[in-house]
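The values are calculated or read from the model by the stated rules, or taken from the named source; none is laboratory data. Predicted, not measured: the structure shown is a model, and the values here were computed from it. Neighbour counts run over all protein chains shown; Cβ positions are idealised from the backbone, glycine included.
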Amino acid sequence: MKDLLNGWGPTAAVFLPLVGAAVLLAIPKSEETLHKVVALVTSLAVFVVGVGLLATFDYDKSAKMQFLVDKTWIEMINSRYIVAIDGISLPLIALTVFVVPLVIIYSWNHFPEPHNPKAFLTLILVLETGMVGTFVAQDLLLFFVFFELVLLPMYFMIGVFGGEQRKYASLKFFLYTAFGSALMIVSILATYFLSPKVNIDGVMQHTFSMIELSNWAGSGLAKGTAILIFGGFFMGFGIKVPMFPFHTWLPDAHTQAPTQGSVILAAVLLKLGTYGFVRIAIPILPVGAVWWAPIIGGLAVIGIIYGALGCLAQTDMKRLIAFSSVAHMGYVMLGISTLTSFGINAAIFGMVAHGLITGMLFFLAGSVKDRFHTLEIKRLGGLLLQAPRMGWLLAFSCMASLGLPGLAGFWGEFPAILSAYSPADGLNVPLFRFFMVVAAIGTVFAAGYLLWLLQRVAFGTPTEEFEDEHIHDMHLTDYLAWSPMIILIVVLGVYPNLLFKITDGAVIHSLSHIAGH
């Protein structure tokens, strides 16, 4: 089976959703059930490919690129179709192919207005192609194509199917991320032209190959040049994360996006930025990474505190969860800023844990909106009485989000905080220990805003507005979509080594040039 997947596995995972989207476009708009079936079957087929990749991946050699495909693409500039998977990308590919079918299952009877399942499901499948493609690409130009591909479907998902201020939110999302991408493409071109030529089929040429560029690791590049090039990547990836102060597009996008858009945005899209730091910026430009690390760490802890205080000021349930993403992604970036294997392992775990937990919170917020037609916290209350299963799941998700030991959120935050105690050689140790203290204080704020949300929404008695209404608790599609996420949050919380043993070797390999900066 591995021989078969070596040839087509990553490529199938990338392009099967695009094939499904093309089939959807060919089916008449009136055939809604057929649209749902085709979209679900397509996403499940991608999931099966993902399971195959997980099953045949050699975990003893997680630092090595596996399932490698290297074909000619744009010969004139030596940009090649290079796709491969290692221990860093594998968990994020698994997260993507896991979440998308659950989103489609949840959508079965929960399509936003205007009611157009054909267009909506097509956008989800195109998004999946962009997300998986970003995680498997090993050519900078190919990476950039997939990285940008996700912009348009998410723009239309928010702009067409979103809330009352959807046009403003979608435009803000697009402009922010496009600005960051413009700076990133400049850094990609600078990396291409300033790196040494390599032997390609007997001809010395510049290369976009991330594997070759990681081996080069900026050797011979002037320090100031490396810092500037890293700065372009920092803007492109930092806006996508989003880091403070580039975060302002996120609360608007989450608040206005339909539930499915918010889940995909939180679960996977934000991870494209953090993954970019780990996969591209740090291994290719270690000198620039060391210079930028204190700035990244400082902005990360500001984001942790700012996001938490922002949560305490919110009156809208969905907007509160959106601000919590700013805080939680701060922990991921703090781990990355330490430039240690311990910190980056924690960051990758944090990406997966945040995707599952915050995705679950957005599912619940969407279901509350469906039943009560509002997300205004002061109008809600007594969820445990009117819809007890949803109430208990909200309590579970809040506990996971605040980092309760035994659930996945703990292993995304605690190791990231701990890693700041001993950052990489050359970094300011007292400064990073100060970051550690600030980040630890942030966990107290997280407990405050999440317990406050839970108390206001789930406890007490229903408000007068809804006390006489019959609220349907959970649908079959809710059980099917949410159960796998809940199970995985518990499994990763109880046995975190399930993930750490995949990522560790690849992370150590990616940091091999940091010690020699």
### Task
Could you grab me the full set of residues in the range 32-71 that are in a helix (DSSP H, G or I), among the charged types (D, E, K, R) and over 21 Å from ASN345 (Cα atoms)?
GLU32, LYS36
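For every residue, the table says whether it meets (1) surrounded by 15 or more Cβ atoms within 10 Å (Cβ to Cβ); (2) touching a residue at least 12 places away in the same chain (Cβ under 8 Å); (3) under 29 Å from VAL507 (Cβ atoms); (4) not acidic (Asp, Glu).
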{"residue": "SER30", "(1), (2), (3), (4)": "no, no, no, yes"}
{"residue": "THR33", "(1), (2), (3), (4)": "no, no, no, yes"}
{"residue": "LEU54", "(1), (2), (3), (4)": "yes, yes, yes, yes"}
{"residue": "LYS61", "(1), (2), (3), (4)": "no, yes, yes, yes"}
{"residue": "GLN66", "(1), (2), (3), (4)": "yes, yes, yes, yes"}
{"residue": "LYS71", "(1), (2), (3), (4)": "no, no, yes, yes"}
{"residue": "SER79", "(1), (2), (3), (4)": "yes, yes, yes, yes"}
{"residue": "ALA94", "(1), (2), (3), (4)": "yes, yes, yes, yes"}
{"residue": "VAL99", "(1), (2), (3), (4)": "yes, yes, yes, yes"}
### Query
Can you pull out the residues in the range 483-517 that are of a type in the set (Phe, Trp, Tyr) and touching a helix residue (DSSP H, G or I) at 6+ places or on another chain (Cβ under 6 Å)?
PHE500
### Message
Return the residues of the range 35-52 that are of a type outside the set (Phe, Trp, Tyr) and crowded, with 17+ Cβ neighbours inside 10 Å; say none if nothing qualifies.
### Response
HIS35, LYS36, VAL38, ALA39, LEU40, THR42, SER43, ALA45, VAL46, VAL49, GLY50, GLY52
### Task
Would you be able to say whether some residue in the range 3-26 is without any contact (Cβ under 8 Å) to a residue 24 or more places away in the chain, surrounded by fewer than 13 Cβ atoms within 10 Å (Cβ to Cβ) and in contact with a Gly (Cβ under 9 Å, 6 or more places away or on another chain)?
yes
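One line per residue, one yes/no per condition, for (1) in contact with a strand residue (DSSP E or B) (Cβ under 8 Å, 6 or more places away or on another chain); (2) within 24 Å of GLY163 (Cα to Cα); (3) modelled with pLDDT of 90 or more; (4) surrounded by 20 or more Cβ atoms within 10 Å (Cβ to Cβ):
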site	(1), (2), (3), (4)
VAL198	yes, no, no, no
VAL203	no, no, no, no
GLU212	yes, no, no, no
GLY218	no, no, no, yes
HIS247	no, yes, no, yes
LEU272	no, no, yes, yes
### Query
Looking at ALA458, is it under 27 Å from the mean Cα position of the chain (by Cα) and on the phi < 0 side of the Ramachandran plot?
no
### Query
In the range 493-517, how many residues are assigned to a helix (DSSP H, G or I) and in contact with a Phe, Trp or Tyr (Cβ under 7 Å, 6 or more places away or on another chain)?
5
#### Entry: Residue that is nearest to ALA293 (Cα to Cα), among those in the range 233-245 that are surrounded by fewer than 24 Cβ atoms within 10 Å (Cβ to Cβ) and at pLDDT 90 or above
MET235
### Message
Any residue that is of a type in the set (Gly, Ala, Ser), in a helix (DSSP H, G or I) and either on the phi > 0 side of the Ramachandran plot or surrounded by fewer than 24 Cβ atoms within 10 Å (Cβ to Cβ) (or both) - is there at least one of those in the range 340-353?
### Response
yes
### Query
List the pairs whose first member sits in the range 432-455 and is within 13 Å of LEU312 (Cα to Cα), whose second member is aromatic (Phe, Trp, Tyr) and surrounded by 15 or more Cβ atoms within 10 Å (Cβ to Cβ), and whose Cβ atoms are under 9 Å apart, counting only residues at least 6 apart or on separate chains?
GLY442/TYR331; TYR449/PHE323
### Message
Take the conditions part of a loop (DSSP other than H, G, I, E, B) and closer than 16 Å to PHE179 by Cα and apply them to PHE246. Does it pass?
### Response
yes
### Task
Might you check whether a residue that is assigned to a loop (DSSP other than H, G, I, E, B), at pLDDT below 95, surrounded by fewer than 24 Cβ atoms within 10 Å (Cβ to Cβ) and out of contact with any Leu (no Cβ under 6 Å at 6 or more places or on another chain) occurs anywhere in the range 303-319?
yes
### Message
Residues that are in a loop (DSSP other than H, G, I, E, B) and in contact with a helix residue (DSSP H, G or I) (Cβ under 7 Å, 6 or more places away or on another chain): does the range 177-199 have at least one?
### Response
yes
### Query
Taking the range 436-477 as the region of interest, how many residues are loosely packed, with under 14 Cβ neighbours inside 10 Å and touching a Lys or Arg at 6+ places or on another chain (Cβ under 7 Å)?
3
### Message
Any residue that is hydrophobic (A, V, I, L, M, F, W, C), surrounded by fewer than 16 Cβ atoms within 10 Å (Cβ to Cβ) and not in a loop (DSSP other than H, G, I, E, B) - is there at least one of those in the range 395-413?
### Response
no
### Summary
LEU427 fails exactly one of (1) within 30 Å of GLY288 (Cβ to Cβ); (2) of a type in the set (A, V, I, L, M); (3) within 26 Å of the chain's Cα centre (by Cα), namely (3)
